[in-house]
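Structure first, commentary second.
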Amino acid sequence: MRLKSPDELERARTRILEERKAQEAKKRVVLCTGTGCRGAGALEVFDAFKKELGHQSVVEFKSTCCHGFCERGPITIIEPMGIFYQGVTPEHVPQIIAETVTKGRVIEDLLYQDPATGKAIPAEKEIPFYKKQQRLVFGHNRYIDPTRIEDYLAIGGYTALVKALFHMSPDQIVAEVKRSGLRGRGGGGFPAGRKWESCRRAHGDIKYVICNCDEGDPGAYMDRSLTEGNPHSVLEGMIIGAYAIGAHEGYVYVRNEYPLAVENVGIAIEQATRMGFLGKDILGSGFDFTLVINKGGGAFVAGESSALMASIEGYVAEPRAKHIHMTESGLWQRPTDLNNVETWANVPLIIEKGSDWYGSIGTQGSKGTKIFSLVGKINNTGLIEVPMGMTLREIVYDIGGGIPGGKRFKAVQTGGPSGGCIPERLLDLPVDFDELTKVGSMMGSGGMIVMDESTCMVDVAKYFTHFLKDESCGKCTSCRDGTLRMYEVLDAITKGKGKEGDIEFLQELGWVTSEASLCALGGSAPNPVLSTIRYFRDEYEAHIREKRCPAGVCPALITYTIDPEACIACGKCRKECPTEAIAGEKKVPHEIDQAKCIKCGTCREVCPVDAVKVK
Amino acid sequence: MMSEKELVRFQIDGIEVEAAKGQMLLPVALGYGFEIPHLCHHEAVSPYASCRLCLVEVTKGNRTSMTTSCNYPVDAGIEVATSTENVQRCRRMILEFLLARAPHAETILTIAREAGVEGPRFPVIEEADDCILCGLCERVCREVVGANAISFINRGDRRDVRPPFGDPVACIACGACVYICPTDCIKMEEHGDERTIIRWKRTLKMQPCQSCGRPFAPLFQLNWIIDKAHLPKDFYALCPVCRQAKKR
C-alpha cells in the first residue's frame, strides 16, 4: 500500500495505533535478539518462546534488536509491567510464561540485582545502568521490531519527513540543522549543517547522499546496533537530508561482516519503498529519492569518506586528497554528502522537535547526545547514550557500574583504535568533541575501552599500533612505515629490548606519521602511543630501564614465584603447568623452575589461595 | 569543471610565480627551478602522493598545513614554503623509511645524502627488494599502456604490487614499468628470442623481423597493439630499424 499524501500516512498511523490500543492490556513479551544477545544465545530463547506460545493470541511476542545492556543478555521484558529479566535461557521460558505472563508473578532469580544494595530491581527503568542515560536516539530500539515498519510508524516515525517535505524549504532544513549544532558522529565531528550547505550550494544536477555504516573499531558496535535495531530512523534522516541537499540517489555503506544490519536495512528499504517513503513522488510531494545498499569488504580504512566512495565506485578503498571537498566532488566526481549512521538518526529528532530543543542538550560546542560502546574492564558492558558533557566518572562508575573484581581504574581509551588513553586523574573530564581532543584523545565514533590496574599501557599501545599497521591502506610511506616502525619499537620494549632514547624516537615517529600522512587514519594513528607516553611515561621507563612490567603483563619481563608462606601444597598448579615447571610434594611448598616457566599464568589462575605472585 | 586557462599568482619561498589555476603545485615549482625531492611523481601519469617526499607547507588565508605538492592544486595568493624545519623533519624520517625498503636505490641514496640522512635507524626490511610501493608501475600500466597487468595487493605493511593472483597473463612485456621505476627494482632481460620481465615472472617469445631476422618485440605485445589500435595484421612484419630503412 503506497501512501500518496501526509493525510494517508496519518490515517495509516491512526489505524496502527488504534489496533495497538485495543491490545494494550494484553501481555507482551519483548525479547532482544540483537547481535550481543544473539551471542549470549537469544536465538535459542526466541525459538523457545515461539514454541511455548504457539499461535495463542493472548500474548504478543516481539523480537527487537539491541537494548544496550549487553552484559546481561539475553534480555527479556514483560509488558505492560515493564519487568526486566536478564540472562534468560530457553529453560526459563516455560516458567516466564507460566508465572509472569500468565499470573503476573515476578521471578526473583531473573531480576537484576543492584550491586550496591543487593536488592532485586524488577523495573527496567529503575536499573542504574539506564537511569542516568538520555536515550533519544537509541532508546527506540526497544519498542521496534526492525522488520516491521508499522512499529516505527507507531512511535511517530516519518513525522519529521512530512514536516520537512511539506512545511519547510530545503534552505530552512539546512538552516535548522546548522542551528542545532549537530556534529558528525563518525569521527571528525564536522558540523553536519555546514556540510549539507556546501553540498546544497555545489554545482551539479546529480548529487549523492551516503550513510557510513562501516564502523570497524575493535570493541565498538553502536552504528551496527542502531542500523540493526532502528533502520528507519537512519533512512528518514537520509531522505530529509537528500531533500535538503537536492540529491535523488543515496547509498547505505554497510560492511558485510554485519549481516543482520545488511538484512534489516534491506528490509527497511523495501518496506519504505512499498509504502511510499522512498522512490518516486514521496508522499505526493514530488520529491524522488532511491536508496541502495553497498556492502563493504571489511577494511577499517573504508570508513574514511574518500576511501568509502572509492569502494562504492568499485576500486580499492584508498583515501584520496581532499583539496577539493567531497561536497563538491565526491562519488563519481559529483557533489556528495556523507554522514555516519548516528548523525543521520539524529536528523528526524532535530526536524521534529526543533533546533532550540536540540541545542539545549549537551555542551557549548557539542550538542545532543552521543552513543558510546562501553567495553573492557567494566561491570556493565553495553551501549549507552548520554548527553554530551557527562563526565567520564559518571559514565564509568554510575552507568558502567565501575571496575569488576574491586580492581582500580587505570585508563579509558576513547575514539576507537586510534584514540588516546585518558588516565584516572582526568576522570572528571566532561566528554565532548573538544575536551577529548584537548587531552590527546578523540570522540571518534564513540568507542570506550576501560582498562584496570592489571593492564600494561605499553602493551595497550602495542596492541592498537599493531591493528593500525595492519589496517593502514599502505599508500602513504609515512603511515605504512610509521605505524610499522612504532610497532617494532613497542614490541622491543615489551620484550625487554628497549633502550634509552626509544621514547623520544617513538614521539618523533608519531609526529611524522601524523603530519606527513594523507588521511585521518595516519593523522590519528600515533594517538595510542603518544597519549600513553604522555600519561604513563613511568611505565615505559620501567620497561626500558628496569626491564620490568609494572602491571605484570609482558611475559618477557615478569617472573612467577610461589610464596612459600601462602602455599598449601595442594598440587593444583603442578598438575596444570603445561611445561612441568613446578616441583613439590604433599605438605612441601611448591617451587617454579624459572628455566622451564613459559609465563602462561596458568598456575596463578588455578591457585586457590593466591600464593602465586607476579613480579 | 573549472576553467583551466585562468592564471593565478602565488608565492613559492617568497618568490612570485604564476600558473594555471588548479594545476598541480609540484610540476609548477619544478618548472620554476625549485628543488623538491620526489619519487612517485611522473608527468606521464596522474598524481598519487604515496612517497610523501614532496611535502611542503602551504599557507592559505590564515591556515598553514603540510601537504604533498604533487597533488595540490594551486590557487591565487597561496604561500608555499618548500623547506621549513617541519618539512625537513618529515622528509628525513621518510627517507629513513624508504632506505629500509630500498637500501640499494641510487636515487634515494642521493636524496638522502643531500638531506643529511645516513641510514635508517631501524632494521632493513628482510625481503627488501628496493620496491618503495610508489605505484608508478601500476599507474603507467593502467593509464598509459592500458594493459592493467599489475595491481596493488593487500594493505598495511603487507602491501605489494603483483599481477592479479600472481598470474601475469595480461602483461605484454612492453617494459614501461621497467622504464618508469624510480628505484630500478623492475628488471627486464632478453635472451635469444625471449624477453622476460623478471619481477612479474613474465616471459614472452619475440617476433623476428621478416627482413633482418632479428627478434624485436614480443609477439603477444604486437598482436595486442594491432588489436587495440585496429592496425593491419602485418603492420609489425618489420623491426623498427628495417621499417625506417624501407621508408627511406
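The values are calculated or read from the model by the stated rules, or taken from the named source; none is laboratory data. All values derive from a computational prediction rather than experimental measurement. Every residue, glycine as well, gets a Cβ built from its backbone with ideal geometry; the counts of neighbours run over all protein chains shown.
Among the residues making up the stretch A:174-205, those that are surrounded by 24 or more Cβ atoms within 10 Å (Cβ to Cβ) and at pLDDT below 95 are A:185, A:186, A:187. Here residue B:56 meets the list (1) in contact (Cβ under 8 Å) with a residue 40 or more places away in the chain; (2) more than 11 Å from chain A (Cβ to nearest Cβ); (3) buried (at least 21 other Cβ atoms within 10 Å of the Cβ) almost entirely, failing just condition (1). Within the stretch A:506-522, restricting attention to residues that are assigned to a helix (DSSP H, G or I) and within 18 Å of residue A:187 (Cβ to Cβ), the residue that is farthest from the other protein chains (Cβ to nearest Cβ) is A:520.
Looking only at the stretch A:263-308, residues that are within 14 Å of another protein chain (Cβ to nearest Cβ), assigned to a helix (DSSP H, G or I) and surrounded by fewer than 22 Cβ atoms within 10 Å (Cβ to Cβ) come to 1 in all. The residues on offer are A:488, A:453, and the sole one that is within 14 Å of chain B (Cβ to nearest Cβ) and acidic (Asp, Glu) is A:488.
The residue that is nearest to the other protein chains (Cβ to nearest Cβ), among those in the stretch B:78-128 that are in a loop (DSSP other than H, G, I, E, B), in contact (Cβ under 8 Å) with a residue 60 or more places away in the chain and in contact with a Lys or Arg (Cβ under 9 Å, 6 or more places away or on another chain), is B:78. Residue A:141 fulfils the conditions (1) touching a Leu at 6+ places or on another chain (Cβ under 8 Å); (2) modelled with pLDDT under 90 except for a single criterion, (2).
Looking at residue B:165, is it of a type in the set (Phe, Trp, Tyr) and either assigned to a loop (DSSP other than H, G, I, E, B) or in contact with a helix residue (DSSP H, G or I) (Cβ under 6 Å, 6 or more places away or on another chain) (or both)? Answer is no for this residue. Restricted to the stretch A:493-505, and to residues that are within 12 Å of chain B (Cβ to nearest Cβ) and not charged (D, E, K, R), which residue is nearest to residue B:97 (Cα to Cα)? Going through the qualifying residues, I end up with A:505. Within the stretch A:556-587, being in a strand (DSSP E or B) and in contact (Cβ under 8 Å) with a residue 40 or more places away in the chain holds for A:560, A:561, A:562. Only one of the listed residues (B:213, B:156, B:192) is surrounded by 13 or more Cβ atoms within 10 Å (Cβ to Cβ) and not aliphatic (A, V, I, L, M). That residue is B:156.
Applying the set (1) without any contact (Cβ under 8 Å) to a residue 40 or more places away in the chain; (2) in contact with a Gly (Cβ under 7 Å, 6 or more places away or on another chain); (3) facing chain A (nearest Cβ under 10 Å); (4) of a type outside the set (D, E, K, R) to residue B:73 leaves exactly one unmet item: (1). For residue A:405, the conditions (1) outside any loop (DSSP other than H, G, I, E, B); (2) more than 14 Å from chain B (Cβ to nearest Cβ); (3) in contact with a Lys or Arg (Cβ under 8 Å, 6 or more places away or on another chain); (4) farther than 27 Å from residue A:366 by Cβ all hold with the exception of (3). Against the condition closer than 30 Å to residue A:486 by Cβ, of a type outside the set (Lys, Arg) and either part of a loop (DSSP other than H, G, I, E, B) or in contact with a Lys or Arg (Cβ under 8 Å, 6 or more places away or on another chain) (or both), how does residue A:553 come out, does it pass? Yes, satisfied.
Residues considered: A:208, A:258. Of these, the only one that is crowded, with 20+ Cβ neighbours inside 10 Å, within 17 Å of residue A:339 (Cα to Cα), hydroxyl-bearing (Ser, Thr, Tyr) and in contact with a strand residue (DSSP E or B) (Cβ under 8 Å, 6 or more places away or on another chain) is A:208.
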